[in-house]
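To start, the structure under review is shown below, and the notes come after it.
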Amino acid sequence: PFLLPLLGWNAGWVVAAVASAGLALVLGWETRGLRPPPARPQGSRLLGDFREVLAQPGAWLCAAMFGFYSSTFMAVFGFLPTFLVERQGIGLTAAILLSAFGVLMNAPGNIAGGWLARQGVPRWGLIMIGCTTMALSSLGIFSDALPVWARYALALSFSFVGGFIPATIFGIAPSFAPRPDLVSTVAGFVVQGSSIGQLLGPPVMAALVAYVGGWQAAPLLLTGAGCVNIVLALLLRRLERRRCAVAVA
(Lines give C-alpha, C1' and ligand atoms only; values in the text may rest on other atoms or scores of the structure.)
Protein backbone atom coordinates (compact mmCIF):
# COMPACT_ATOMS: atom_id res chain seq x y z
CA PRO A 1 0.00 0.00 0.00
CA PHE A 2 2.85 2.42 0.69
CA LEU A 3 4.80 1.57 -2.46
CA LEU A 4 1.91 1.78 -4.89
CA PRO A 5 1.45 5.58 -4.95
CA LEU A 6 5.21 6.08 -5.22
CA LEU A 7 6.40 3.35 -7.58
CA GLY A 8 3.29 2.01 -9.30
CA TRP A 9 1.56 -1.36 -9.23
CA ASN A 10 4.43 -3.23 -10.91
CA ALA A 11 6.75 -2.42 -7.99
CA GLY A 12 4.34 -4.21 -5.66
CA TRP A 13 4.62 -7.35 -7.75
CA VAL A 14 8.42 -7.15 -7.73
CA VAL A 15 8.50 -6.78 -3.94
CA ALA A 16 6.06 -9.69 -3.53
CA ALA A 17 8.17 -11.86 -5.86
CA VAL A 18 11.40 -11.08 -3.98
CA ALA A 19 9.72 -11.73 -0.63
CA SER A 20 8.34 -15.06 -1.87
CA ALA A 21 11.75 -16.11 -3.17
CA GLY A 22 13.29 -15.20 0.18
CA LEU A 23 10.70 -17.25 2.07
CA ALA A 24 11.35 -20.19 -0.27
CA LEU A 25 15.05 -20.07 0.60
CA VAL A 26 14.25 -19.92 4.31
CA LEU A 27 11.86 -22.87 3.98
CA GLY A 28 14.48 -24.89 2.10
CA TRP A 29 17.09 -24.18 4.75
CA GLU A 30 14.81 -25.00 7.68
CA THR A 31 13.67 -28.31 6.13
CA ARG A 32 17.09 -29.43 4.93
CA GLY A 33 17.28 -32.18 7.56
CA LEU A 34 13.92 -33.79 6.79
CA ARG A 35 13.93 -37.29 5.39
CA PRO A 36 12.43 -37.87 1.95
CA PRO A 37 8.91 -39.30 1.86
CA PRO A 38 8.56 -43.08 1.66
CA ALA A 39 8.63 -44.68 -1.74
CA ARG A 40 5.32 -44.94 -3.53
CA PRO A 41 3.66 -48.36 -3.70
CA GLN A 42 4.80 -50.56 -6.53
CA GLY A 43 2.68 -50.10 -9.61
CA SER A 44 1.18 -46.80 -8.48
CA ARG A 45 0.87 -44.33 -11.33
CA LEU A 46 0.20 -40.62 -11.43
CA LEU A 47 -2.78 -40.77 -13.79
CA GLY A 48 -4.33 -43.60 -11.84
CA ASP A 49 -3.95 -41.69 -8.61
CA PHE A 50 -5.51 -38.62 -10.17
CA ARG A 51 -8.44 -40.65 -11.49
CA GLU A 52 -9.05 -41.90 -7.95
CA VAL A 53 -9.17 -38.32 -6.69
CA LEU A 54 -11.49 -37.22 -9.50
CA ALA A 55 -13.86 -40.01 -8.52
CA GLN A 56 -14.39 -38.43 -5.09
CA PRO A 57 -17.50 -36.19 -5.03
CA GLY A 58 -16.24 -34.50 -1.87
CA ALA A 59 -13.10 -33.31 -3.61
CA TRP A 60 -15.20 -31.74 -6.37
CA LEU A 61 -17.47 -30.07 -3.81
CA CYS A 62 -14.51 -28.57 -1.93
CA ALA A 63 -12.86 -27.35 -5.14
CA ALA A 64 -16.10 -25.78 -6.37
CA MET A 65 -16.82 -24.06 -3.05
CA PHE A 66 -13.27 -22.75 -2.89
CA GLY A 67 -13.59 -21.49 -6.45
CA PHE A 68 -16.82 -19.56 -5.88
CA TYR A 69 -15.46 -18.20 -2.60
CA SER A 70 -12.19 -16.94 -4.09
CA SER A 71 -13.93 -15.47 -7.13
CA THR A 72 -16.14 -13.25 -4.97
CA PHE A 73 -13.35 -12.37 -2.53
CA MET A 74 -11.00 -11.28 -5.29
CA ALA A 75 -13.79 -9.45 -7.11
CA VAL A 76 -14.64 -7.38 -4.04
CA PHE A 77 -11.16 -6.55 -2.80
CA GLY A 78 -9.65 -6.34 -6.26
CA PHE A 79 -12.02 -3.50 -7.12
CA LEU A 80 -12.57 -1.98 -3.67
CA PRO A 81 -9.76 0.60 -4.08
CA THR A 82 -11.18 1.69 -7.43
CA PHE A 83 -14.68 1.87 -5.97
CA LEU A 84 -13.55 3.93 -2.97
CA VAL A 85 -11.64 6.37 -5.17
CA GLU A 86 -14.18 6.76 -7.98
CA ARG A 87 -17.44 6.62 -6.07
CA GLN A 88 -16.53 7.76 -2.57
CA GLY A 89 -13.84 10.35 -3.38
CA ILE A 90 -11.29 8.79 -1.03
CA GLY A 91 -7.60 9.40 -1.73
CA LEU A 92 -5.60 6.64 -3.38
CA THR A 93 -3.34 5.92 -0.41
CA ALA A 94 -6.26 5.81 2.04
CA ALA A 95 -8.26 3.58 -0.32
CA ILE A 96 -5.36 1.15 -0.64
CA LEU A 97 -4.80 1.01 3.11
CA LEU A 98 -8.49 0.47 3.80
CA SER A 99 -8.59 -2.33 1.23
CA ALA A 100 -5.42 -3.92 2.59
CA PHE A 101 -6.85 -3.93 6.11
CA GLY A 102 -10.02 -5.52 4.76
CA VAL A 103 -7.97 -8.33 3.18
CA LEU A 104 -6.04 -8.71 6.43
CA MET A 105 -9.29 -9.34 8.32
CA ASN A 106 -9.58 -12.60 6.42
CA ALA A 107 -6.66 -14.04 8.44
CA PRO A 108 -8.35 -13.92 11.89
CA GLY A 109 -11.49 -15.18 10.16
CA ASN A 110 -9.58 -18.27 9.04
CA ILE A 111 -8.28 -18.80 12.56
CA ALA A 112 -11.75 -18.37 14.04
CA GLY A 113 -13.19 -20.83 11.54
CA GLY A 114 -10.59 -23.44 12.46
CA TRP A 115 -11.25 -22.90 16.17
CA LEU A 116 -15.02 -23.25 15.74
CA ALA A 117 -14.52 -26.48 13.79
CA ARG A 118 -12.42 -27.85 16.65
CA GLN A 119 -15.25 -26.97 19.05
CA GLY A 120 -17.58 -29.25 17.11
CA VAL A 121 -19.41 -26.79 14.86
CA PRO A 122 -20.39 -28.72 11.71
CA ARG A 123 -18.11 -27.88 8.82
CA TRP A 124 -20.97 -27.53 6.38
CA GLY A 125 -22.56 -25.09 8.83
CA LEU A 126 -19.40 -22.96 8.95
CA ILE A 127 -19.35 -22.82 5.16
CA MET A 128 -23.04 -21.91 5.17
CA ILE A 129 -22.43 -19.08 7.65
CA GLY A 130 -19.51 -17.79 5.61
CA CYS A 131 -21.16 -17.77 2.21
CA THR A 132 -24.46 -16.39 3.56
CA THR A 133 -22.63 -13.51 5.25
CA MET A 134 -20.65 -12.79 2.10
CA ALA A 135 -23.79 -12.80 -0.04
CA LEU A 136 -25.74 -10.50 2.29
CA SER A 137 -22.79 -8.15 2.86
CA SER A 138 -22.24 -7.75 -0.86
CA LEU A 139 -25.75 -6.31 -1.20
CA GLY A 140 -24.70 -3.33 0.92
CA ILE A 141 -21.04 -2.88 -0.06
CA PHE A 142 -21.99 -1.42 -3.43
CA SER A 143 -25.28 0.18 -2.36
CA ASP A 144 -25.67 3.94 -2.72
CA ALA A 145 -28.28 3.90 0.04
CA LEU A 146 -25.65 3.32 2.75
CA PRO A 147 -22.95 5.70 4.02
CA VAL A 148 -19.36 4.86 3.24
CA TRP A 149 -18.55 3.74 6.81
CA ALA A 150 -21.41 1.23 6.71
CA ARG A 151 -20.22 -0.14 3.39
CA TYR A 152 -16.72 -0.54 4.71
CA ALA A 153 -18.00 -2.29 7.83
CA LEU A 154 -19.83 -4.72 5.57
CA ALA A 155 -16.61 -5.28 3.60
CA LEU A 156 -14.83 -6.15 6.86
CA SER A 157 -17.63 -8.56 7.75
CA PHE A 158 -17.45 -10.01 4.23
CA SER A 159 -13.74 -10.72 4.74
CA PHE A 160 -13.74 -11.90 8.36
CA VAL A 161 -16.73 -14.27 8.30
CA GLY A 162 -15.85 -15.37 4.78
CA GLY A 163 -12.58 -16.63 6.27
CA PHE A 164 -14.54 -19.50 7.78
CA ILE A 165 -14.75 -21.03 4.30
CA PRO A 166 -11.08 -21.69 3.37
CA ALA A 167 -10.26 -22.83 6.91
CA THR A 168 -13.11 -25.31 6.81
CA ILE A 169 -12.31 -26.54 3.31
CA PHE A 170 -8.66 -27.17 4.17
CA GLY A 171 -9.81 -28.99 7.29
CA ILE A 172 -12.25 -31.32 5.57
CA ALA A 173 -10.59 -31.88 2.16
CA PRO A 174 -8.04 -34.48 3.41
CA SER A 175 -10.89 -36.69 4.60
CA PHE A 176 -11.95 -37.15 0.98
CA ALA A 177 -8.62 -38.68 -0.03
CA PRO A 178 -9.14 -42.32 -1.08
CA ARG A 179 -5.76 -43.21 0.45
CA PRO A 180 -3.43 -41.46 2.89
CA ASP A 181 -0.77 -40.97 0.21
CA LEU A 182 -3.30 -39.02 -1.91
CA VAL A 183 -4.04 -36.33 0.68
CA SER A 184 -1.66 -33.91 -1.04
CA THR A 185 -3.24 -34.65 -4.41
CA VAL A 186 -6.69 -33.83 -3.06
CA ALA A 187 -5.35 -30.64 -1.48
CA GLY A 188 -3.75 -29.62 -4.76
CA PHE A 189 -6.96 -30.30 -6.66
CA VAL A 190 -8.93 -28.16 -4.21
CA VAL A 191 -6.40 -25.32 -4.46
CA GLN A 192 -6.80 -25.37 -8.23
CA GLY A 193 -10.47 -24.56 -7.68
CA SER A 194 -9.41 -21.51 -5.69
CA SER A 195 -6.97 -20.45 -8.42
CA ILE A 196 -9.63 -20.71 -11.12
CA GLY A 197 -11.96 -18.58 -9.02
CA GLN A 198 -9.29 -15.93 -8.48
CA LEU A 199 -8.63 -15.85 -12.20
CA LEU A 200 -12.25 -15.56 -13.33
CA GLY A 201 -13.91 -13.52 -10.57
CA PRO A 202 -12.50 -10.01 -11.21
CA PRO A 203 -12.79 -9.96 -15.03
CA VAL A 204 -16.32 -11.40 -14.92
CA MET A 205 -17.41 -8.71 -12.47
CA ALA A 206 -15.65 -6.02 -14.50
CA ALA A 207 -17.47 -7.17 -17.62
CA LEU A 208 -20.81 -7.23 -15.79
CA VAL A 209 -20.32 -3.74 -14.32
CA ALA A 210 -19.27 -2.39 -17.72
CA TYR A 211 -22.24 -4.01 -19.44
CA VAL A 212 -24.80 -2.68 -16.97
CA GLY A 213 -23.03 0.64 -16.62
CA GLY A 214 -22.67 0.85 -12.87
CA TRP A 215 -21.50 -0.82 -9.66
CA GLN A 216 -25.08 -1.69 -8.78
CA ALA A 217 -24.61 -4.79 -10.94
CA ALA A 218 -21.84 -6.17 -8.74
CA PRO A 219 -24.16 -7.80 -6.16
CA LEU A 220 -25.74 -9.87 -8.93
CA LEU A 221 -22.51 -11.83 -9.35
CA LEU A 222 -21.58 -11.86 -5.67
CA THR A 223 -24.92 -13.00 -4.29
CA GLY A 224 -25.27 -15.50 -7.11
CA ALA A 225 -21.96 -17.11 -6.22
CA GLY A 226 -22.96 -17.08 -2.55
CA CYS A 227 -26.23 -18.85 -3.30
CA VAL A 228 -24.40 -21.51 -5.29
CA ASN A 229 -22.08 -22.09 -2.34
CA ILE A 230 -25.08 -22.42 -0.01
CA VAL A 231 -26.39 -25.22 -2.22
CA LEU A 232 -22.95 -26.85 -2.28
CA ALA A 233 -22.75 -26.64 1.52
CA LEU A 234 -26.06 -28.49 1.76
CA LEU A 235 -24.71 -31.13 -0.61
CA LEU A 236 -21.63 -31.42 1.59
CA ARG A 237 -23.91 -31.96 4.59
CA ARG A 238 -25.73 -34.71 2.76
CA LEU A 239 -22.44 -36.33 1.72
CA GLU A 240 -21.06 -36.26 5.26
CA ARG A 241 -24.24 -37.79 6.69
CA ARG A 242 -24.10 -40.54 4.08
CA ARG A 243 -20.48 -41.28 4.95
CA CYS A 244 -21.32 -41.42 8.66
CA ALA A 245 -24.18 -43.82 7.97
CA VAL A 246 -21.89 -46.10 5.96
CA ALA A 247 -19.22 -46.00 8.69
CA VAL A 248 -21.77 -46.95 11.37
CA ALA A 249 -23.16 -49.74 9.24
Near pairs, Cβ below 8 angstrom, 6+ apart or cross-chain, from region 178-195 (in contact (Cβ under 8 Å) with a residue 24 or more places away in the chain) to any residue that is part of a helix (DSSP H, G or I) and open to solvent by 50 Å² or more (accessible area, probe 1.4 Å): 178/52; 179/52; 182/52; 185/50; 186/174; 189/54; 190/170
Residue satisfying condition, being under 15 Å from residue 63 (Cα atoms) and modelled with pLDDT of 90 or more, within set 163, 125, 197, 130: 197
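Is one or more of the residues making up region 35-54 open to solvent by less than 50 Å² (accessible area, probe 1.4 Å) and of a type in the set (A, V, I, L, M, F, W, C)? Let's see the steps before the verdict.
First, the residues of region 35-54 that are open to solvent by less than 50 Å² (accessible area, probe 1.4 Å): 44, 48-49, 53.
Next cut, of a type in the set (A, V, I, L, M, F, W, C) only: 53.
Yes, the conditions are met somewhere in region 35-54.
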Pairs where the first residue, in region 77-90, is of a type in the set (Ser, Thr, Tyr) and the second is assigned to a helix (DSSP H, G or I), C-beta under 9 Å, 6+ apart: 82/95
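Filter region 113-152 for residues that are within 30 Å of residue 85 (Cα to Cα), in a helix (DSSP H, G or I), open to solvent by 50 Å² or more (accessible area, probe 1.4 Å) and out of contact with any Ser or Thr (no Cβ under 7 Å at 6 or more places or on another chain) and give the result. Quick ask: steps written out before the conclusion?
The initial filter retains those residues of region 113-152 that are within 30 Å of residue 85 (Cα to Cα), namely 130-152.
Still in the running and in a helix (DSSP H, G or I): 130-141, 148-152.
Narrowing the set further to residues that are open to solvent by 50 Å² or more (accessible area, probe 1.4 Å) leaves 136, 139, 148-149.
Within region 113-152, 136, 148, 149 qualify.
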Matching helices (runs of 4 or more DSSP H) fully within region 1-88 where at least 2 residues are among the aromatic types (Phe, Trp, Tyr) and either at pLDDT 95 or above or under 25 Å from residue 219 (Cβ atoms) (or both): 57-88
Odd one out for residue 168 among (1) loosely packed, with under 15 Cβ neighbours inside 10 Å; (2) in contact (Cβ under 8 Å) with a residue 24 or more places away in the chain: (1)
Residue count, region 166-185 (criterion: in a helix (DSSP H, G or I) and over 13 Å from residue 66 (Cα atoms)): 9
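The values are calculated or read from the model by the stated rules, or taken from the named source; none is laboratory data. This structure is a prediction, so every number in the text was calculated from the model and none was measured. Cβ sites come from the backbone with ideal geometry, for glycine too, and all protein chains shown count toward neighbours. SASA here: full protein model, heavy atoms, side chains in, ligands and nucleic acids out. Shrake-Rupley method; radii C 1.70, N 1.55, O 1.52, S 1.80 Å.
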